Amino acid sequence: MHRTCTVCKKRPAVYYRRYSGDYLCEKCLSRTLERTIHRSLASTKKLEPNSKILLPITFTNPVHSLILSKFIPRIESEYNVETIIAVPQYFYEQLKNYKPSENLHVANIAPPSHDVTDPFYCWRYDRAWSIKLAKNHGAQAIVLPLTRTDLNLLMLEAVLRGQSFLLSESLPILQLDSISIISGVQRAEGELLAAYLALNKDTIPLVKTPCRPDLKNAKLLFYSVAVGRPELEFSSFKSISLLTRKLPLKNKVCSLCGGYSDNGDICSYCRSYLETINSLEIVS
Ligand SMILES: [Zn+2]
Ligand SMILES: [Zn+2]
């Protein structure tokens, strides 16, 4: 690509952002992502000054969590918050050279043991252990790495399965008691993170995870409509939201994962790993 960055108008462009039509140099791409993270967090109005936030390195998408962790120093100074980065022991060996922050805690939480291709299982499991940890550490917010693309796909998947209790996964913010669960990249399209990762692959470890969320059907449907036009990811969110009204919403909130429950106080997913979550310990 022999183009000049359309933002700084100086450096050579390395990425074409289809959503905005900008050609971005490496520096402006990083700044764009940073601004997107800032807006994603600011729009929730949930980060209070002097509060603690928890950034879990998720089983569902550890790499996107690691990308978020690169922006922690900026988040901390911008919002005057303290961040705890929680690394499941499962990743510890793979991440032993990775020190994004002093405030790194290793959580003695087992990786999900079965059905790890179900995206709802994966996200609920990640939320359940993160909520437990946030409560232990007095954190008021949990920052997850769901992009706008992820939220769209999860919403479609819930609609395709015809299960309204799964719609909570596509909400940009969930609230459980005093804890807000927010997505730090909800205003970014998946492509933007993929481009950032491609340019920073030396500093972001491509860790292996037992979660491989399968969103095949939702992807087929989504990209047959939005092919080559990721701007639709933003407008389509509204259209898909209309679809969801077909599903009657009368679900309680699960007291463990903060998602809608199909099963009273604790959702059927959380029931299956209740013991694991209860035995969660923090090693350091
Ligand atoms: Zn630039
Ligand atoms: Zn649950």
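Here, each number is a calculation from the coordinates, and none is a lab measurement. Nothing here was measured: the structure is a model prediction, and the numbers come from that model. Methodologically, a virtual Cβ is constructed for each residue, glycine included, from the backbone with ideal geometry; neighbour enumeration extends over all protein chains shown.
The H on the amide N of Ser183, modeled in the peptide plane, is under 5 Å from the matching H of Leu144, each at least 5 residues off or on a different chain. Applying the Karplus relation 6.51 cos²θ - 1.76 cosθ + 1.60 with θ = phi - 60° to segment 58-75 yields 3J(HN,Hα) values of 6, 6, 5, 8, x, 5, 5, 5, 5, 4, 4, 5, 5, 9, 4, x, 5, 4 Hz, where x marks Gly and Pro.
Can you give the charge dipole size of segment 37-282 about its Cα centre, rounded to the nearest 20 debye, using +1 on the beta carbon of Lys and Arg and -1 on the beta carbon of Asp and Glu?
480 debye
Segment Ala198..Arg3, full-extension length gain: 68.3 nm, with 0.36 nm per residue of separation and the alpha-carbon distance subtracted. What the Cα convex hull of segment 37-282 gives, in volume per residue, is 119 Å³.
Pairs with C-alpha atoms separated by more than 19 Å, drawn from the list Lys70/Lys96; Lys45/Lys219; Lys27/Lys201; Lys52/Lys252, are Lys45/Lys219; Lys52/Lys252.
Phi angles across segment 164-174 convert, under the Karplus curve 6.51 cos²θ - 1.76 cosθ + 1.60 with θ = phi - 60°, into 3J(HN,Hα) values of 5, 5, 7, 5, 4, 5, 9, 7, x, 8, 10 Hz, Gly and Pro given as x.
Applying the Karplus relation 6.51 cos²θ - 1.76 cosθ + 1.60 with θ = phi - 60° to segment 87-95 yields 3J(HN,Hα) values of 10, x, 3, 3, 8, 4, 4, 5, 10 Hz, where x marks Gly and Pro.
Note on Leu242 and Lys27: the model spin-label points, each 7 Å out from Cα along the C-beta direction, lie 4.4 nm apart. Neighbour counts of other Cβ atoms within 10 Å put Asp126, Asp22, Asp214 in the fewest-to-most order Asp214, Asp22, Asp126.
Inter-label distance, Asp265 to Lys219: 3.9 nm, where each label sits 7 Å from its Cα along the C-beta direction. Placing a label point 7 Å from the Cα of Thr276 along the Cα-to-Cβ direction, the residues of segment 55-82 with a backbone N closer than 16 Å are 57-62. At an R0 of 41 angstrom, the distance between the Cβ atoms of Arg18 and Lys45 translates into a FRET efficiency of 0.90.
If you take all other residues with their beta carbon under 13 Å from the beta carbon of Pro88, and give Lys and Arg +1 and Asp and Glu -1, the sum is -1. At an R0 of 25 angstrom, the distance between the Cβ atoms of Asn108 and Ser255 translates into a FRET efficiency of 0.70.
Quick check of the Kirkwood formula: for segment 101-216, what is the inverse mean of 1/r over all pairs of different Cα atoms, in Å? Can you show the working numbers first?
Values: mean 1/r = 0.0639 Å⁻¹.
Roughly 15.6 Å, rounded to one decimal.
Given a cut-off of under 8 Å on Cα pairs at least six residues apart, what relative contact order in percent is computed for segment 4-163?
Working: 185 pairs, mean separation 33.4, N = 160.
In percent, rounded to a whole number, it is 21.
Mind telling me which of Ser261, Ser51, Ser224 comes out most flexible in a GNM of the chain, alpha-carbon contacts under 10 Å? Result for the chain, Cα springs under 10 Å: Ser224 fluctuates most. The amide H of Ala188, built 1.01 Å from its N in the peptide plane, has Arg148 as neighbours under 5 Å, considering only residues 5 or more places off or on other chains.
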